[in-house]
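Student: One structure, as structure tokens, below. Some questions next.
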Amino acid sequence: MPQDGRDESEALVSEVCWHYYVNEMTQAEVAKTLGLTRLRVNQAIQRAKSLGMVKVSIESPFLARIELQEEIKERFGLEKALVAPANREAYDYHVSVGAALASYLSERVAANDWKLVGVSWGMTLQSAIRRLPKQLRPDLEIVSMIGGSTKGASFNSFAIASGFAERFGANYSILAAPIYLSRDIDPNVFLAPEIFGDHFRKLSHLDAAVLVAGDVSDRSYLVSTGVPGEVSQEELIAHGAVGDVLGRFLDSEGNTIAHPLNDRTIGVDLETVKRIPEKILAAAGHHKISIIRAAMKRGLVSTLITDDVTAQLLLEAD
């Protein structure tokens, strides 16, 4: 018994917590039921926490920033906005957003609303895959939306679709092609084989698309590893590019820039993307503000997943 003479034995603490947490009684109701004061009920609850008898489990890997989410949604005409808290002292624009995307996709896949899901590729998606719990959805198919890059050491762009499929227990289809063709190859001739026809038919019937966005700098994995060597960042910027979505470079208003590189892109076209029921863009970082805004203006985003740093910058820029 405690030195102050109160009966806060484990049995009493357990009974208090059972009524409070399981039976969802108020502290006043618990006090009346057990013949205790509200102070003693509160002390018993605190004691249970200190002894580890009561543990709080936050299932979501991020805490919603409700006001920011609502303001982002209303300001940019989105169906949904999810804002994850960032570590501001050790800021990494992939980590928080990747965790938030993993949580959201896990919930949506478990709801069994989707049969065909298209995916882009990038570091944010790789971060999300690492955090996905396993499911079993053999009726679901993950479809890569663009070709890949054969360069780089941080990750395999062709493995993103299979990575999602492995976590979801789903099937997958990879677009086995480079993201950009050489200048001397006709895209229509290259895509003539029926295997590509089957793949692009799937892309026209997607239930959801998981997208990322990159700026025009070496921070972009696409720019640093996928863009052909004869095309410089300065050249793309001179044509008005602020970044890319699905390998296609856009200006600040969301228009596709008039540069030959966009015509050499192997992947779903952006007008098809606009018709997909749910378009999820996962992106964060001060350097991506312009391309995120451009993607929203183009109609490529119905659900935005970002962090609180980026959300505030988006509102300030607007």
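Student: Counting DSSP beta bridges in the chain, what percent are antiparallel, to the nearest 5?
Tutor: Bridges in the chain are about 25 percent antiparallel.
Student: Considering amide H positions built from the backbone, and no H for Pro or chain starts, which residues 5 or more places from residue 148, or on another chain, come under 5 Å of its amide H?
Tutor: 177, 179
Student: So how do 269-278, 242-251 stack up, highest first, on mean other-Cβ count within 10 Å?
Tutor: Highest mean packing first, the order is 242-251, 269-278.
Student: Region 232-278 to region 136-198: how many Å between their Cα centroids?
Tutor: So the two Cα centres are separated by 18 Å.
Student: Oh, and also: Tell me which of 133, 146, 157 sits at the most positive position along the dipole axis of region 66-317, charges placed on C-beta atoms (Lys, Arg +1; Asp, Glu -1).
Tutor: 133
Student: Residue farthest toward the positive end of the dipole of the chain, with Cβ of Lys/Arg at +1 and Asp/Glu at -1: which of 106, 266, 119?
Tutor: Sorting the options by dipole projection puts first 106.
Student: Still on this structure, I have one more. Just name one of 227, 255, 285: the one whose Cα is farthest towards the positive end of the charge dipole of the chain (beta-carbon charges, Lys/Arg +1, Asp/Glu -1).
Tutor: Highest projection toward the positive end goes to 285.
Student: Would you compute the Debye intensity of the chain from its alpha-carbon atoms alone, equal scatterers and no solvent, and pass along log10 I(q)/I(0) at q = 0.08, 0.12, 0.14, 0.16 Å⁻¹ to two decimals?
Tutor: The Debye formula, applied to the Cα set alone, gives -0.46, -0.80, -1.02, -1.27.
Student: OK, next. So, with +1 on the Cβ of K and R and -1 on the Cβ of D and E, and no other charges, what is the size of the charge dipole of region 66-317 about its Cα centre, to the nearest 20 debye?
Tutor: Charge dipole, region 66-317, about its Cα centre: 500 debye, nearest 20.
Student: Under the Kirkwood approximation applied to all pairs of distinct alpha-carbon atoms, what is the hydrodynamic radius of region 10-50 in Å?
Tutor: 9.6 Å
Student: Could you work out the Kirkwood radius for region 185-270, taking every pair of different alpha carbons, averaging 1/r and inverting it, reported in Å?
Tutor: Its Kirkwood hydrodynamic radius stands at 14.1 Å.
Student: As a check on your grasp of the helix formula, calculate [θ] at 222 nm for the chain: sum -39500 (n - 2.57) over DSSP H runs of n ≥ 4, divide by the residue count, round to the nearest 500.
Tutor: Calculated from helices alone, the mean residue ellipticity at 222 nm is -11000 deg cm²/dmol.
Values quoted throughout were computed directly from the atomic coordinates according to the rules given, and no laboratory measurement underlies them. Note that this is a predicted model, so its numbers are computed, not measured. Cβ atoms come from the backbone with ideal geometry, glycine included; neighbour counts cover every protein chain shown.
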